[in-house]
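Here is the structure we will look at, set down as structure tokens.
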Amino acid sequence: MVQKLAAASDPGPLPWLLLVYELPARPSNARVKTWRRLQRLGAVGVKNSVYVLPNSPQAREDFEWLRAEIAAQKGRADVFAAEAVDVRSSDEIVELFRRARQQDYQALQRTAEKLLRRSRGKTRGRPDRQRLERALRGLRERWEQIVAMDFFNAAGRREAAAALAAIEELLTGGEPAMRAKTVPEDTLRKEDYQGRVWVTRPGPKVDRMACAWLIRRFVDAGARFAFAPKPEDAPDAVPFDMYGVEFSHQGDACSFETFLARFAIRDAAANRVAQIVHALDLKDEKYGAPEAGATGRIVEGLCQMYADDQERLEHGMRMFEALYQSFLVNPSSAGSTRARRQRK
């Protein structure tokens, strides 16, 4: 069964989307440009000039944009929803996707391991930190691109994640990335902080939103939140991100990082979130988090949309949960932090 899609039609329940296109022989760079776009979308070729993606609203949008680009280059393209592709079974197509992403993961792993060997071989084991951090940022971006295209849980994801985690550990001397030396080493028991009221300053922004999310996800699932100008205005509540309290800035650590250290939260995805919070709250490039700019924009938008502190905080926590979910990778290297569950 094949259904040609009109511009405004519902893609329907059919499992595959096909892009069938043709381009003029000249200019030749149009073919290269189209091929590169298809690679970035994660599409696989089933025959000459026929590419397939799993049927989804995002895939439909991607193919429609590409169809418009092909038309602008004086070519022609059609998008179809299909129950099956006559040249291959559905199982064979799934295997094509898995092999393509496995090759991507393996290439990333090889690059990361080569970088790690070269960095460990530097004099006295001290790598060029700035260069290594820059390379790691590039590898993380590539990792996220591959994961976004990994529609069928290809092999190799865990091994590539472990290679990236090993580079992070080299940068941090084997310690969790967010642990600041000025933060006290003794950890707290989560059991002592259940069902509490947590108080912070009015007008929550990035650090307070992130801390509230961290409290509710990792420390106190039943946490309630209140707002007060000073800790003494809420004597029965646990204060955070306020001046002179335990759960606040410590040395060069923002309040979010302090929570990670005090409760010994060793979660790779939470550490990634912490890098973004640190960059926005302390306005430095210590971790070079590429997502900081966009996250900051979203936080500012929430502040404009919601004047009520409770409503703003709740929406901010949802935003940080979404950010956290995007970072779940489940690394398996010895001594590395471990995400709670692998991203689907």
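Put simply, when 297-305, 309-317 are sorted by average Cβ atoms within 10 angstrom per residue, most first, you get 309-317, 297-305. Each peptide in 205-218, 138-151 gets a packing score, the mean of other Cβ atoms within 10 Å over its residues, and the list from highest to lowest is 205-218, 138-151. Straight-distance candidates among the aspartates and glutamates for linking to residue 283, with alpha-carbon spacing under 18 Å and chain neighbours fewer than 8 residues away dropped: 133, 207, 241, 252, 257, 291, 300. Counting protein heavy atoms only, the stretch 227-336 has 52 percent of its accessible area on carbon and sulfur, 1.4 angstrom probe.
Other residues with beta-carbon under 9 Å from the beta-carbon of residue 163 carry, at +1 per Lys or Arg and -1 per Asp or Glu, a net charge of -1. Near residue 16, the amide H atoms lying under 5 Å from its own belong to 55, 82; only residues 5 or more places off or on other chains count, and H is placed 1.01 Å from N.
Within the stretch 242-320, which chymotrypsin sites (Phe, Trp or Tyr not before Pro) sit in a loop by DSSP and count at most 13 neighbouring Cβ atoms inside 10 Å? Within the stretch 242-320, the qualifying chymotrypsin sites (Phe, Trp or Tyr not before Pro) (loop, at most 13 other Cβ atoms within 10 Å) are 243.
Calculated accessible area for the stretch 224-287 comes out at 41 Å² per residue, all protein chains present (probe 1.4 Å; ligands, DNA, RNA ignored). If R0 is 45 Å, the Cβ-Cβ spacing of residue 111 and residue 236 corresponds to a FRET efficiency of close to 0.25. For the stretch 10-77, state which trypsin sites (Lys or Arg not before Pro) are in a DSSP loop and have at most 15 other beta carbons lying within 10 Å of their beta carbon. Listed in order of number, the matching sites are 74.
The values are calculated or read from the model by the stated rules, or taken from the named source; none is laboratory data. None of the values given here were measured: they were computed from a predicted structure. Here the Cβ is made from the backbone with ideal geometry for all residues, glycine too, and neighbour counts use every protein chain on show. We work out accessible area using only protein heavy atoms, side chains counted, and drop any ligands, DNA or RNA first. Shrake-Rupley method; radii C 1.70, N 1.55, O 1.52, S 1.80 Å.
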